[in-house]
Number of protein chains: 2
Amino acid sequence: MKEGPDIAQIGALIGDPARANMLTALMGGKALTATELAAAGGITVQTASSHLAKLEAGQLLAQRKQGRHRYFTLADDGVGKLLESIMGFAAGRGHLRHRPGPKEPALRKARICYDHLAGDYGVRMLDSLVAKGAIDVIGDGLALTDKGESELKCIGIDIGDLKSSRRPLCRSCLDWSERRAHLAGSLGKALLSNFFDKGWARRTAESRSVIFSPEAERQFLMLFPVEFAGGLTPREGQPAQL
Amino acid sequence: MKEGPDIAQIGALIGDPARANMLTALMGGKALTATELAAAGGITVQTASSHLAKLEAGQLLAQRKQGRHRYFTLADDGVGKLLESIMGFAAGRGHLRHRPGPKEPALRKARICYDHLAGDYGVRMLDSLVAKGAIDVIGDGLALTDKGESELKCIGIDIGDLKSSRRPLCRSCLDWSERRAHLAGSLGKALLSNFFDKGWARRTAESRSVIFSPEAERQFLMLFPVEFAGGLTPREGQPAQL
DNA sequence: ACAATGCTTCGGTTACCATCGAAGTATGAA
DNA sequence: TTCATACTTCGATGGTAACCGAAGCATTGT
């Protein structure tokens, strides 16, 4: 009975609400201090410190000392990937902590999923890239086409750099709010950075939501049109499902 | 702070050792009774009953009454997929419950991963299919080629039936013992059933390991050769990594 | 009708762990 | 040096949940 990986250990690490909240906060991609994470978890710093030590021992978190601050991040993108998949799973069966809240619409519209764009905008972007033949959907995987590569170069993204990395270029990631796939992988990361660099969007202070400026929003929607146009939100036809 | 899916809930469900053991046992693909699961979890039936109720409420398990037995299975292959990914993650950071045990070699050699073949043989099969051009690796996805489709027809697997399903044909699944990918998805399932149907292999009573008969083993190794031959276990070159 | 099997419910016990106050360490600022 | 900030460690507390014995249903067999 004692064969195989110890899923209970990491399940237990994620299973505590305070720890789960802290991990979720770190899905924003930013490094956060222990004090900030305590606030995110709704607990005191002492308790947070204990939790953080456990998460670090379990190799879910990495820390970096800087002066008298201690910055925590997810240990690597394997952790982000794991949390993504659990979120997708949980959302798929309605395990939502539905405290609707005022910030939620913004979060559903566009948010950071560890290092790439998620939410309605994230899903729309992938749908559009697939529709215009920049990305092929193969099984459950995604592949950048030659056409896509040249198009992205126009936007200012050089694929060459990314290709050399060991990390996959395109990955599909199940979006918990839209229940459809959006684009992850190093390309997903590059696109989001590109939006930040161009000043199209900014991350908010303590939330994972991404705010587009009104003009940038127009440009985004033009750059990533959807075929059965007419508004953004409800779309029929399911490219790149699950 | 209260936005998004409740990952803590499902983390907590998986986080209990007894529950984790029961879920792992169900990764064997067979439906098991409450009594069998109690044994798998190392607890009494009363306790198991309580755990099973929780897992069912959390939609991780489904049950089917049959006479005075109650058969439990994973609720759907989303659950299997989730457990797979957690296992892969846990194994990747050495979170093993290393009680080596006598059955472990068999488990590492060939075992059931929910509904498809895993372990050394599973990895070898995928490697071989990729090497002979039956399956293409695209990003992190897998795609069956035309050549692969016709080859599989010779073995006795009709892809037509599988294609109509909504479930992806090929999926790559990270193998926790080999730390490499093996073939999942409906094709992975079909191949394993095929081995069972042909009498090449059988599942063991209470373990997830798969036993090949000596002659079948020879045929399997011939059917799925590896390029840098010379034995089965240590292979160089990394087709289909991660 | 009666016994046997499979499972659930109830009640009480136990053990663990999340939590916080208070005190201790480290870094930086005045 | 002294104070302030950021964080950790220690110790005590409390609540929760895992656990099992015993009893209660349900189904099957004789």
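Quick note: the coordinates plus some simple rules give every number you see, no bench work behind them. What you see is a predicted model; the values in this text were computed from it and never measured. Cβ sites come from the backbone with ideal geometry, for glycine too, and all protein chains shown count toward neighbours.
Laid out as a table, the results:
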read-out: Longest exposed-site-free window of chain A, the sites being trypsin sites (Lys or Arg not before Pro) in a DSSP loop that have at most 10 other C-beta atoms within 10 Å; value: A:69-165
read-out: The range B:104-158 - charge dipole about Cα centre, Lys and Arg +1 at Cβ, Asp and Glu -1, debye rounded to 20; value: 260
read-out: Gain on full stretching of the segment that runs from residue A:46 to residue A:222 - 0.36 nm per residue minus C-alpha separation; value: 58.5 nm
read-out: Estimated inter-spin distance, residue B:206 and residue B:76, nm [label 7 Å along Cα→Cβ]; value: 3.2
read-out: Residues of type lysines that residue A:198 reaches as a straight line, Cα spacing below 18 Å, ignoring anything fewer than 8 places off in the same chain; value: A:153, A:189
read-out: Cleavage-rule hits (chymotrypsin sites (Phe, Trp or Tyr not before Pro)) in the range A:134-232: DSSP loop, at most 10 neighbouring Cβ within 10 angstrom; value: A:228
read-out: Dipole of the protein assembly as shown [Lys/Arg +1, Asp/Glu -1 at C-beta], most positive-end residue of A:80, B:71, B:116; value: B:71
read-out: Inter-copy label distances at residue B:66 (7 Å, Cα→Cβ; nm, one decimal); value: 5.9
read-out: Net length gained if the chain between residue B:193 and residue B:215 were fully extended (0.36 nm per residue, minus Cα distance); value: 6.1 nm
read-out: Ascending count of other beta-carbon atoms within 10 Å, so fewest first, for B:182, A:69; value: A:69, B:182
read-out: Closest-to-axis residue of chain A (Cβ criterion, axis taking A to B), whole Å; value: A:141, 1
read-out: Residue-averaged [θ]222 nm for chain B, counting only DSSP H segments that reach four residues, each worth -39500 (n - 2.57); value: -14000 deg cm²/dmol
read-out: Peptide A:136-148 - average C-beta neighbours from other chains (10 Å radius); value: 6
read-out: In sequence order, calculated HN-Hα J values of the range A:51-56 (Karplus, 6.51, -1.76, 1.60; Hz; x Gly/Pro); value: 4, 5, 4, 5, 5, 6
read-out: Counting all C-alpha pairs of the protein assembly as shown, share separated by more than 35 Å (%); value: 35
read-out: At 7 Å out from Cα toward Cβ: residue A:164 inter-copy label distances (nm, ascending); value: 5.0
read-out: Net charge dipole size for chain A [Lys, Arg +1 and Asp, Glu -1 on Cβ; Debye, nearest 20]; value: 700
read-out: Share of pairwise Cα separations in the range A:53-95, more than 16 Å, in percent; value: 50
read-out: About the Cα centre, charge dipole magnitude for the protein assembly as shown (Lys/Arg +1, Asp/Glu -1 at Cβ), debye; value: 1220
read-out: Sequence of B:10, B:157 once ranked by neighbouring C-beta atoms within 10 Å, starting from the fewest; value: B:157, B:10
read-out: Separation in nanometres of the label points that stand 7 Å from Cα toward Cβ, at residue A:65 and residue A:35; value: 1.8
read-out: Sorted by Cβ neighbour density within 10 Å, fewest at the top, the residues A:82, A:23; value: A:82, A:23
read-out: Across the identical copies, how the residue A:42 labels are spaced - nm, sorted shortest first, 7 Å along Cα→Cβ; value: 3.4
